[in-house]
1. Could I have the simple spin-label model distance between GLN172 and ALA19, label points 7 Å from Cα toward Cβ, reported in nm to one decimal?
2. What is the packing order of peptides 85-98, 230-243, taking the mean over residues of other C-beta atoms within 10 Å and listing the highest first?
3. Rolling a 1.4 angstrom probe over the protein heavy atoms, how many square angstrom per residue are accessible across the chain?
4. Give me D for segment 129-264 in µm² s⁻¹, whole number, from Stokes-Einstein with Rh from the Kirkwood sum over alpha-carbon pairs, 20 °C and 1.002 mPa s.
5. Take the alpha carbon gyration tensor of segment 184-309, find the square roots of its eigenvalues, order them as a ≥ b ≥ c, and report rounded if a/c is under 1.5; if not, report prolate when a/b exceeds b/c, else oblate.
6. Tell me the Kirkwood hydrodynamic radius of segment 168-220 in angstroms, computed as one over the mean inverse distance between distinct C-alpha pairs.
7. If I model a spin label at ARG267 and LEU249 as a point 7 Å from the Cα along the Cα→Cβ vector, what separation in nanometres do I get?
8. Rounded to two decimal places and with Rh computed the Kirkwood way over Cα pairs, what is Rg over Rh for segment 325-367?
Amino acid sequence: MSAFVFDLDMTLVNSSALAEWRDLKMWSQVRSNLESVKPFSVGTPAPHELPARIKAQGHDVAIVTSSPRWYAEALIELFGIEMDVLVAAGDTRQYKPDPEPIIKALRDLGADPNDAYHIGDTTIDVEASYRAGVTSIGAGWGVSEFDAFSSVAPDILLLDPSVLLRSDELKQRGYFAEMLCAGSHHKTHRGAILPCDNFSLRYTLGRYFKKENPRYTGDALSEKILILKDSDAPAQIFAKALTEFVQNLKWTPDYVIPVPPKRDQSRNRFEAVLEAAAPLLQGDTEIAPNGLRSVNEVEGYKSMGHLERAKAVRGAFEISGDWNNAKILLLDDVLTTGATVAECTRVLLDSDASEVRSVAFGRNQLR
């Protein structure tokens, strides 16, 4: 059996009304307003009901929170949350993202980190999970800002909390591109697509780890993204990931257009991917490998910060074609700051495209 370690706030219960007071540690205000904490209205059963259901399946359950014990115990009683172990502020010397609270919870449960999951809604939860050696699960229903969250993304993202009850399938619930590149069997679900904003405009199909990132361990997706820069060998895999994304997006683009190569590069790394994807795309979606072109060289782009990149790429692209009133899906390999995608999107919208969304194979991971 597995061990499930839950964060409390914005994972099991919706305590957003108390967020400012909690951040400022104004605990008297928090104590006076506990009735403002609400259950999440997503999923059946609701998140706060999951621990009882998981325990009934024979798994161990812990709650780990950086909030005071009195606060955690009050919410646990108020919502009837069942658990075996509670680790609260003061129970360990360090707080998340340090792994000590999760390690203590697993030790108290007598659980193996290799067969444990930590479920939380923040990048702090993801970092703590990695450092504790457990699989991180993102509680997508509680995430407040997907741009930041996607840059330190969990191993598994769930938007439907009830999926936790199918514990034998959790390892198959990864991101489309990661699972395909690793040659792993995967289950289609909404969390296989990683949102990178709160507006359903930017997505990625996995995480991209630089080799110096401590979470990089020969990651198959990261390696194949690097190979794609110079070789079409991974084209079929990326084409399948792209088509699965489009089929599950519930939004059908008229065209798929890639971010163009630099002006001095003759090879379009997306051309073979799009040619392989073309027969698999449904409806009237067409590919346009040369729909955009680079007109300016940007020196030192990779060393720039977000604002510098945004300024540097202004006017660096122009259209090649007529996108009058078209819905366009913009394709990139790695989403880092998003400056290039934003500029390509601006150019397409200025050329009378009706809507532009973007997808990248990987989201650069900051930690």
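1. 3.5
2. The most tightly packed comes first, giving 230-243, 85-98.
3. 44
4. Taking Rh from Cα pairs, D becomes 134 µm²/s.
5. Rounded is the answer for segment 184-309, as its axis ratio a/c remains below 1.5.
6. Kirkwood radius, segment 168-220: 12.1 Å.
7. Output for this residue pair reads 2.6 nm.
8. Looking at segment 325-367, the ratio lands at 1.04.
The values are calculated or read from the model by the stated rules, or taken from the named source; none is laboratory data. Predicted model, so just to flag it, every value in this text is computed and none were measured. All Cβ positions, glycine included, derive from the backbone under ideal geometry; neighbour counts span all protein chains shown. Accessible surface areas use protein heavy atoms only, side chains included; no ligands, DNA or RNA. Shrake-Rupley method; radii C 1.70, N 1.55, O 1.52, S 1.80 Å.
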